[in-house]
Amino acid sequence: MQTKQQTTQTISRQHSIWTVMLTWFLMHAGFFLIIPLLSVHFVDDLGWAAVIIGGVLALRQFMQQGLTMFGGALADRFGAKGLILSGLLIRSISFVLMGFARTPLTLFLAGALAALGGALFDAPLKATIAALAPPEEHAELYARIGILQNVARTVGPSLGALLISLDFLIVGLTAAGFFLLAFFVALFGLPAVAISTDRPKVTTGLHMALTDRTFVIYTALMMGFWFMWVQISIAMPLEVKNLTGNNSSVGLLFSVNAVLAIVLQVPALRLAQRFLKPFPILILGIACMAIGLGLVAWVHTITQLYLAVFFFALGTVLVMPNAQTVAASLANPAARGAYFGVNSLALACGGGLGHVVGGLLVDKAVSLNLPALPWLVFALVGTLTAISLTHFYRRYQLAQLIPAPVPVRR
């Protein structure tokens with residue numbers, strides 16, 4: 001009887017994991033269907049300043065990730081599913097509004113609404129993933145999700161590049177459709193998972209996370225990673241458009257980046273895990289991203305740009321699953337949602353700064369005729385981040401705190 005019960009529980013857990021993974025895929029496909037095309041549509045097609053789009057993206061990033069800690073704390077207290085569903089529905093509405101936007105005010109409003117939706121589903125969904133699998137399986141699970149995420153980043157931009165030739169409104173409606181489909185998948189397939197061992201008050205969970213010195217320092221240092229990562233949504237599309245002169249090349253850029261990530265994900269992680277633990281792999285990945293962004297300073301052809309994208313993609317696949325593994329390992333299970341919410345502040349601050357500074361540097365590079373300027377700054381940020389994380393890892397002796405992962409399987 002006990003064996004049969006355990007088998008039933010295992011099947012149920014696997015079903016829940018696949019539901020989360022499908023929801024994750026639909027969300028990322030919808031997001032990357034429209035967001036990378038904002039700079040192309042509004043800057044190149046409508047003639048807006050790049051800093052305006054950078055501001056919209058920064059608002060969405062900072063507002064979403066800033067509010068996510070409250071979404072995570074609320075999920076600890078009241079459960080994750082209701083918040084996830086609400087967030088998916090609001091995000092769907094925001095992308096419809098984004099498709100209709102004709103003024104900066106409307107676009108900023110759509111960005112704020114998208115941020116609110118993301119704040120409601122982000123930390124609860126991440127905490128659900130962490131709660132569904134034991135710690136030693138986190139690395140493998142996050143790697144599998146990373147592969148799906150990269151497939152979504154191929155599907156989304158490719159479809160978006162095709163649809164934008166028809167009308168940007170169609171891009172917005174299609175992106176909204178992906179999130180609406182994710183809503184129904186989660187509604188009927190996602191269980192009411194207890195994401196924390198306790199049900200702390202909202203303020204209690206946030207206090208636990210915000211006063212955890214090790215966790216807060218880790219979160220602060222990861223700002224540098226997100227500063228670099230968001231350049232794929234602001235500086236990279238403008239660079240590839242500048243090199244090729246057509247919008248379809250932007251979708252191709254994202255497809256190349258995503259395909260490289262898919263191809264590299266398993267072999268790169270398997271090789272890295274043979275010699276390194278999650279935190280050193282994370283540092284190595286950030287260094288690779290810095291190299292990739294720095295190489296763009298010397299790019300003159302699209303082929304050279306794709307070489308830089310190779311290093312960027314390699315770094316991303318090394319960082320993403322291991323960053324989640326480290327965060328899950330450092331988080332207190334009694335307030336897992338609040339911890340993931342606080343961890344999102346790295347994306348809020350780093351990503352927000354990356355969007356604004358990225359847009360400003362692109363504009364400044366044009367006015368000063370210094371095309372290498374943005375990319376050298378991005379590379380410097382990545383280098384300093386890798387050095388700081390190395391010092392942090394040694395200073396706090398994290399090798400003993402973070403378990404060795406189960407090797408990623410094919």
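When LEU159, LEU148 are checked against the criterion of being in contact with a Phe, Trp or Tyr (Cβ under 7 Å, 6 or more places away or on another chain), assigned to a helix (DSSP H, G or I) and not charged (D, E, K, R), a single residue qualifies: LEU148. Quick one: THR303 ticks every box in (1) surrounded by fewer than 24 Cβ atoms within 10 Å (Cβ to Cβ); (2) under 18 Å from ALA327 (Cα atoms) bar one, so which box is it? It is condition (2) that THR303 fails. Residue pairs whose Cβ atoms lie under 6 Å apart, separated by 6 or more positions or on different chains, with the first residue in region 297-317 and without any contact (Cβ under 8 Å) to a residue 24 or more places away in the chain and the second part of a helix (DSSP H, G or I) and not aliphatic (A, V, I, L, M), are ALA308/GLY292; PHE311/CYS288; PHE311/GLY292.
Here is a check on your reading of the model: is ILE52 more than 30 Å from ALA209 (Cα to Cα) and assigned to a helix (DSSP H, G or I)? So ILE52 fits the description; yes.
Answer yes if at least one residue in region 242-257 is surrounded by fewer than 21 Cβ atoms within 10 Å (Cβ to Cβ) and over 26 Å from ILE52 (Cβ atoms), and no otherwise. Looking for residues that are surrounded by fewer than 21 Cβ atoms within 10 Å (Cβ to Cβ) and over 26 Å from ILE52 (Cβ atoms), one finds at least one in region 242-257, hence yes.
Suppose the filter is buried (at least 20 other Cβ atoms within 10 Å of the Cβ), over 19 Å from the mean Cα position of the chain (by Cα) and part of a helix (DSSP H, G or I); does LEU384 pass it?
Taking the combined requirement at face value, the residue does not satisfy it.
Exactly one residue among GLN65, GLN61 is within 23 Å of VAL250 (Cα to Cα), under 18 Å from the mean Cα position of the chain (by Cα) and in a helix (DSSP H, G or I), and that residue is GLN61.
If you go through region 311-336 and keep only what is crowded, with 22+ Cβ neighbours inside 10 Å, more than 18 Å from PHE227 (Cβ to Cβ) and of a type in the set (Gly, Ala, Ser), you end up with ALA328, ALA331, ALA335.
Here, each number is a calculation from the coordinates, and none is a lab measurement. All values derive from a computational prediction rather than experimental measurement. All Cβ positions, even for glycine, are placed from backbone atoms using ideal geometry, and neighbour counts span all protein chains on display.
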